[in-house]
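This report concerns only the one structure given below.
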Amino acid sequence: MDLLKIVTGKLTGKSISEAISWHPKLNTIFHLIHKQTGELSTIKYLAKALSTFHQINAYEEDGFLIIDMCTGDDGQAINNYNLQNLRKNGEDLDEVYNTMCRVFPRRFVLPLNVDCDTPYDQNLNGPDCTATAIRTNKNMVFCTHEDLHGEDLHQYGGLEFPQINYGKYNTHSYRYFYGCGFRHLVGDTLIKMDLQGKHMKVWEQPGLYPSEPVFVPSPNATEEDDGVIMSVVITPNKDKSTFLLVLDAKTFKEVGRAEVPVNIPYGFHGTFNSTQ
(Lines give C-alpha, C1' and ligand atoms only; values in the text may rest on other atoms or scores of the structure.)
Protein backbone atom coordinates (compact mmCIF):
# COMPACT_ATOMS: atom_id res chain seq x y z
CA MET A 1 0.00 0.00 0.00
CA ASP A 2 1.49 3.32 -1.13
CA LEU A 3 0.36 5.95 1.40
CA LEU A 4 1.75 8.81 -0.68
CA LYS A 5 -0.45 7.83 -3.63
CA ILE A 6 -3.46 7.62 -1.33
CA VAL A 7 -2.83 11.04 0.22
CA THR A 8 -2.24 12.72 -3.16
CA GLY A 9 -4.98 10.80 -4.97
CA LYS A 10 -7.37 13.75 -5.12
CA LEU A 11 -4.72 15.96 -6.69
CA THR A 12 -3.49 13.37 -9.19
CA GLY A 13 -6.90 11.95 -10.06
CA LYS A 14 -5.84 8.45 -9.02
CA SER A 15 -8.11 5.98 -7.26
CA ILE A 16 -7.20 4.12 -4.07
CA SER A 17 -6.95 0.88 -6.04
CA GLU A 18 -3.96 2.31 -7.91
CA ALA A 19 -2.15 2.72 -4.59
CA ILE A 20 -2.49 -0.95 -3.69
CA SER A 21 -0.30 -3.57 -5.35
CA TRP A 22 -0.21 -7.36 -4.99
CA HIS A 23 3.05 -9.26 -4.49
CA PRO A 24 2.25 -13.00 -4.33
CA LYS A 25 5.86 -13.99 -3.65
CA LEU A 26 6.00 -11.97 -0.43
CA ASN A 27 4.86 -13.40 2.89
CA THR A 28 2.11 -11.94 5.03
CA ILE A 29 3.34 -10.51 8.34
CA PHE A 30 1.18 -10.41 11.47
CA HIS A 31 2.31 -7.43 13.57
CA LEU A 32 1.59 -7.94 17.27
CA ILE A 33 1.56 -4.74 19.31
CA HIS A 34 0.98 -4.57 23.06
CA LYS A 35 -2.05 -2.30 23.48
CA GLN A 36 -0.91 -0.83 26.80
CA THR A 37 2.77 -0.22 26.04
CA GLY A 38 2.70 0.12 22.26
CA GLU A 39 5.62 -2.29 22.09
CA LEU A 40 6.01 -4.36 18.92
CA SER A 41 6.58 -8.08 19.42
CA THR A 42 10.12 -9.20 18.66
CA ILE A 43 8.70 -12.35 17.06
CA LYS A 44 7.66 -12.13 13.42
CA TYR A 45 4.65 -14.25 12.57
CA LEU A 46 4.53 -15.04 8.86
CA ALA A 47 2.09 -16.74 6.52
CA LYS A 48 1.90 -17.16 2.77
CA ALA A 49 0.63 -14.22 0.73
CA LEU A 50 -3.05 -13.51 1.35
CA SER A 51 -5.53 -10.69 1.01
CA THR A 52 -8.09 -9.68 3.59
CA PHE A 53 -10.57 -6.87 4.14
CA HIS A 54 -12.45 -8.10 7.21
CA GLN A 55 -11.59 -9.74 10.50
CA ILE A 56 -14.22 -11.87 12.23
CA ASN A 57 -12.83 -11.93 15.76
CA ALA A 58 -9.59 -12.32 17.71
CA TYR A 59 -8.93 -13.41 21.26
CA GLU A 60 -6.22 -14.74 23.56
CA GLU A 61 -6.50 -18.24 25.02
CA ASP A 62 -4.00 -20.41 26.91
CA GLY A 63 -0.95 -18.57 25.61
CA PHE A 64 -2.16 -18.37 22.00
CA LEU A 65 -3.65 -15.55 19.94
CA ILE A 66 -6.52 -16.79 17.79
CA ILE A 67 -7.20 -14.62 14.74
CA ASP A 68 -10.22 -15.35 12.55
CA MET A 69 -10.61 -13.50 9.27
CA CYS A 70 -11.99 -13.74 5.76
CA THR A 71 -9.07 -14.18 3.37
CA GLY A 72 -8.34 -14.94 -0.26
CA ASP A 73 -5.28 -16.20 -2.08
CA ASP A 74 -5.26 -13.36 -4.62
CA GLY A 75 -4.89 -9.65 -3.95
CA GLN A 76 -6.53 -8.41 -7.13
CA ALA A 77 -10.05 -8.31 -5.66
CA ILE A 78 -10.26 -4.54 -5.32
CA ASN A 79 -9.62 -4.10 -9.05
CA ASN A 80 -12.64 -6.24 -9.93
CA TYR A 81 -15.00 -3.61 -8.54
CA ASN A 82 -14.16 -0.78 -10.90
CA LEU A 83 -16.98 1.05 -12.66
CA GLN A 84 -16.22 -0.61 -15.98
CA ASN A 85 -16.99 -4.02 -14.49
CA LEU A 86 -19.94 -2.89 -12.37
CA ARG A 87 -21.69 -1.54 -15.49
CA LYS A 88 -21.54 -4.94 -17.18
CA ASN A 89 -24.38 -7.45 -17.20
CA GLY A 90 -25.21 -10.93 -18.39
CA GLU A 91 -22.34 -13.08 -19.62
CA ASP A 92 -19.87 -10.19 -19.45
CA LEU A 93 -20.54 -9.80 -15.72
CA ASP A 94 -20.33 -13.57 -15.22
CA GLU A 95 -16.93 -13.53 -16.90
CA VAL A 96 -15.68 -10.96 -14.38
CA TYR A 97 -17.01 -13.02 -11.47
CA ASN A 98 -15.43 -16.23 -12.76
CA THR A 99 -11.98 -14.62 -12.71
CA MET A 100 -12.33 -13.51 -9.09
CA CYS A 101 -10.66 -15.17 -6.14
CA ARG A 102 -13.11 -16.63 -3.61
CA VAL A 103 -12.82 -15.50 0.01
CA PHE A 104 -13.25 -17.93 2.90
CA PRO A 105 -13.23 -17.71 6.71
CA ARG A 106 -9.93 -18.93 8.16
CA ARG A 107 -8.22 -19.16 11.53
CA PHE A 108 -4.61 -18.45 12.40
CA VAL A 109 -3.25 -19.47 15.81
CA LEU A 110 -0.16 -17.58 16.98
CA PRO A 111 1.83 -18.90 19.98
CA LEU A 112 2.70 -15.99 22.26
CA ASN A 113 5.25 -17.62 24.55
CA VAL A 114 8.10 -18.06 22.09
CA ASP A 115 11.49 -17.84 23.80
CA CYS A 116 15.00 -19.32 23.60
CA ASP A 117 13.72 -22.71 24.75
CA THR A 118 11.01 -22.97 22.09
CA PRO A 119 11.87 -25.83 19.68
CA TYR A 120 12.46 -25.30 15.97
CA ASP A 121 10.77 -27.01 13.02
CA GLN A 122 7.82 -28.47 14.86
CA ASN A 123 4.21 -27.41 15.24
CA LEU A 124 3.75 -25.27 18.35
CA ASN A 125 -0.04 -25.41 18.24
CA GLY A 126 -2.12 -28.00 20.06
CA PRO A 127 -3.95 -30.99 18.55
CA ASP A 128 -7.37 -29.32 18.74
CA CYS A 129 -6.86 -27.25 15.59
CA THR A 130 -5.38 -27.82 12.16
CA ALA A 131 -3.72 -24.39 12.02
CA THR A 132 0.03 -24.71 12.44
CA ALA A 133 2.78 -22.47 13.79
CA ILE A 134 6.39 -23.53 13.25
CA ARG A 135 9.44 -21.70 14.56
CA THR A 136 11.81 -21.41 11.62
CA ASN A 137 14.55 -19.28 13.19
CA LYS A 138 15.29 -17.26 16.31
CA ASN A 139 12.62 -14.58 15.88
CA MET A 140 10.34 -16.05 13.23
CA VAL A 141 7.27 -18.31 13.28
CA PHE A 142 5.59 -19.45 10.06
CA CYS A 143 1.84 -20.06 10.29
CA THR A 144 -0.75 -21.90 8.22
CA HIS A 145 -4.50 -21.55 8.64
CA GLU A 146 -7.42 -23.74 9.59
CA ASP A 147 -10.58 -23.50 7.49
CA LEU A 148 -13.60 -22.33 9.49
CA HIS A 149 -16.06 -23.96 7.11
CA GLY A 150 -17.05 -27.19 5.47
CA GLU A 151 -16.97 -28.05 1.78
CA ASP A 152 -20.59 -26.90 1.39
CA LEU A 153 -19.54 -23.24 1.58
CA HIS A 154 -17.84 -23.51 -1.81
CA GLN A 155 -21.18 -23.74 -3.60
CA TYR A 156 -22.10 -20.34 -2.14
CA GLY A 157 -18.96 -18.63 -3.42
CA GLY A 158 -17.25 -18.25 -0.06
CA LEU A 159 -18.16 -15.74 2.65
CA GLU A 160 -17.53 -12.07 3.27
CA PHE A 161 -18.83 -9.22 5.46
CA PRO A 162 -18.58 -11.28 8.67
CA GLN A 163 -20.43 -10.29 11.83
CA ILE A 164 -20.71 -11.81 15.31
CA ASN A 165 -22.44 -10.93 18.56
CA TYR A 166 -19.84 -8.21 19.09
CA GLY A 167 -21.50 -6.77 22.18
CA LYS A 168 -20.65 -9.84 24.28
CA TYR A 169 -18.13 -11.90 22.30
CA ASN A 170 -15.73 -9.43 20.74
CA THR A 171 -12.19 -10.51 21.80
CA HIS A 172 -13.65 -13.60 23.49
CA SER A 173 -14.11 -17.22 22.47
CA TYR A 174 -17.29 -17.52 20.41
CA ARG A 175 -19.31 -20.04 18.43
CA TYR A 176 -21.29 -18.30 15.68
CA PHE A 177 -20.60 -15.83 12.91
CA TYR A 178 -22.71 -14.52 10.06
CA GLY A 179 -21.90 -13.28 6.58
CA CYS A 180 -22.84 -12.98 2.92
CA GLY A 181 -22.31 -15.71 0.37
CA PHE A 182 -21.03 -14.51 -3.01
CA ARG A 183 -22.28 -16.47 -5.99
CA HIS A 184 -22.29 -13.19 -7.88
CA LEU A 185 -20.25 -10.00 -7.88
CA VAL A 186 -22.44 -8.88 -4.97
CA GLY A 187 -23.69 -11.03 -2.12
CA ASP A 188 -26.79 -13.11 -2.85
CA THR A 189 -27.18 -15.18 0.34
CA LEU A 190 -26.96 -14.78 4.09
CA ILE A 191 -25.06 -17.46 5.99
CA LYS A 192 -24.86 -18.47 9.64
CA MET A 193 -21.77 -20.51 10.52
CA ASP A 194 -21.56 -22.72 13.62
CA LEU A 195 -17.95 -23.36 14.59
CA GLN A 196 -18.93 -26.47 16.52
CA GLY A 197 -18.93 -28.90 13.63
CA LYS A 198 -18.60 -26.11 11.04
CA HIS A 199 -22.24 -26.41 10.05
CA MET A 200 -24.10 -23.61 8.31
CA LYS A 201 -27.59 -22.28 7.68
CA VAL A 202 -28.50 -20.24 4.61
CA TRP A 203 -31.14 -17.67 3.70
CA GLU A 204 -31.65 -17.04 0.00
CA GLN A 205 -34.33 -15.95 -2.44
CA PRO A 206 -33.87 -15.65 -6.22
CA GLY A 207 -33.23 -12.14 -7.46
CA LEU A 208 -32.59 -10.66 -4.00
CA TYR A 209 -29.23 -9.32 -2.80
CA PRO A 210 -28.70 -8.80 0.94
CA SER A 211 -26.23 -6.46 2.58
CA GLU A 212 -23.92 -7.27 5.47
CA PRO A 213 -25.89 -9.04 8.24
CA VAL A 214 -26.08 -7.15 11.53
CA PHE A 215 -26.68 -9.09 14.75
CA VAL A 216 -28.97 -7.49 17.33
CA PRO A 217 -29.29 -9.36 20.65
CA SER A 218 -32.63 -9.95 22.31
CA PRO A 219 -33.26 -8.04 25.56
CA ASN A 220 -31.90 -10.10 28.47
CA ALA A 221 -30.40 -12.65 26.05
CA THR A 222 -28.65 -15.60 27.70
CA GLU A 223 -27.31 -17.42 24.62
CA GLU A 224 -24.85 -16.23 21.98
CA ASP A 225 -27.29 -16.44 19.07
CA ASP A 226 -30.35 -15.21 20.98
CA GLY A 227 -31.39 -12.29 18.80
CA VAL A 228 -32.12 -11.28 15.22
CA ILE A 229 -30.16 -10.69 12.03
CA MET A 230 -30.96 -7.56 10.04
CA SER A 231 -29.97 -6.92 6.44
CA VAL A 232 -31.03 -4.43 3.77
CA VAL A 233 -32.10 -6.40 0.69
CA ILE A 234 -32.18 -4.93 -2.81
CA THR A 235 -33.42 -6.23 -6.14
CA PRO A 236 -33.06 -5.16 -9.78
CA ASN A 237 -36.75 -6.00 -10.21
CA LYS A 238 -38.54 -2.66 -10.62
CA ASP A 239 -41.80 -4.17 -9.39
CA LYS A 240 -40.35 -5.05 -5.99
CA SER A 241 -39.30 -2.79 -3.15
CA THR A 242 -36.11 -2.58 -1.19
CA PHE A 243 -36.69 -3.91 2.31
CA LEU A 244 -35.12 -4.50 5.69
CA LEU A 245 -35.00 -8.24 6.32
CA VAL A 246 -35.24 -9.60 9.87
CA LEU A 247 -34.19 -13.21 10.58
CA ASP A 248 -34.31 -15.21 13.79
CA ALA A 249 -30.59 -15.61 14.52
CA LYS A 250 -31.09 -19.08 16.01
CA THR A 251 -33.19 -20.70 13.30
CA PHE A 252 -32.26 -18.33 10.45
CA LYS A 253 -35.93 -18.25 9.51
CA GLU A 254 -37.55 -15.01 8.38
CA VAL A 255 -39.34 -13.07 11.11
CA GLY A 256 -40.46 -10.21 8.90
CA ARG A 257 -39.51 -7.49 6.48
CA ALA A 258 -40.06 -3.75 6.35
CA GLU A 259 -40.49 -2.44 2.82
CA VAL A 260 -39.60 1.14 1.97
CA PRO A 261 -40.96 3.15 -0.99
CA VAL A 262 -37.50 4.31 -2.10
CA ASN A 263 -34.56 2.69 -3.84
CA ILE A 264 -31.63 2.06 -1.52
CA PRO A 265 -28.28 1.47 -3.26
CA TYR A 266 -26.27 -1.62 -2.45
CA GLY A 267 -24.24 -1.08 0.71
CA PHE A 268 -21.31 -2.99 2.14
CA HIS A 269 -21.71 -2.27 5.85
CA GLY A 270 -24.42 -1.45 8.36
CA THR A 271 -24.95 -0.89 12.06
CA PHE A 272 -27.82 -0.96 14.54
CA ASN A 273 -28.45 1.95 16.89
CA SER A 274 -30.88 1.41 19.75
CA THR A 275 -33.08 4.38 20.65
CA GLN A 276 -33.19 3.32 24.30
Discussion item. Give all pairs with beta carbons closer than 7 Å in which a residue from segment 132-144 that is over 16 Å from L112 (Cβ atoms) meets a residue that is among the hydrophobic types (A, V, I, L, M, F, W, C); count only pairs at least 6 apart in sequence or on separate chains.
Written reply: T136/F142; T144/A47; T144/A131
Response to the item:
For segment 198-233 the number of residues that are of a type in the set (V, I, T) and in contact with a Lys or Arg (Cβ under 9 Å, 6 or more places away or on another chain) is 3
Item to complete: Check segment 190-200 and report whether any residue there is charged (D, E, K, R) and surrounded by fewer than 20 Cβ atoms within 10 Å (Cβ to Cβ).
Response: yes
Discussion item. Checking K250 against (1) touching a Cys at 6+ places or on another chain (Cβ under 8 Å); (2) modelled with pLDDT of 95 or more, only one condition comes out false. Which one?
Written reply: (1)
Item to complete: Just give me the residues in segment 199-212 being part of a loop (DSSP other than H, G, I, E, B) and within 16 Å of the chain's Cα centre (by Cα), in sequence order.
Response: S211, E212
Practice prompt. Consider K10 carefully, then state whether it is assigned to a helix (DSSP H, G or I), free of Cβ contacts under 8 Å to residues at least 12 places away in the same chain and either closer than 28 Å to T136 by Cβ or not small (G, A, S) (or both).
Written response: yes
Worksheet item: With respect to N57, is the statement that it is within 19 Å of C180 (Cα to Cα), in contact with a strand residue (DSSP E or B) (Cβ under 9 Å, 6 or more places away or on another chain) and not charged (D, E, K, R) true?
Response: yes
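Could you list, in sequence order, the residues of segment 154-166 that are touching a strand residue (DSSP E or B) at 6+ places or on another chain (Cβ under 7 Å) and within 21 Å of D248 (Cβ to Cβ)? Please lay out each step first, then the result.
If we filter segment 154-166 for residues that are touching a strand residue (DSSP E or B) at 6+ places or on another chain (Cβ under 7 Å), which is where we start, we get 156-165.
Once the filter is applied, which keeps residues that are touching a strand residue (DSSP E or B) at 6+ places or on another chain (Cβ under 7 Å) and within 21 Å of D248 (Cβ to Cβ), segment 154-166 yields Y156, L159, F161, P162, Q163, I164, N165.
The values are calculated or read from the model by the stated rules, or taken from the named source; none is laboratory data. The model shown is predicted, which means the values in this text are computed figures rather than measured ones. Don't worry about glycine lacking a Cβ; one is built from the backbone with ideal geometry, like all the others, and counts go over all protein chains shown.
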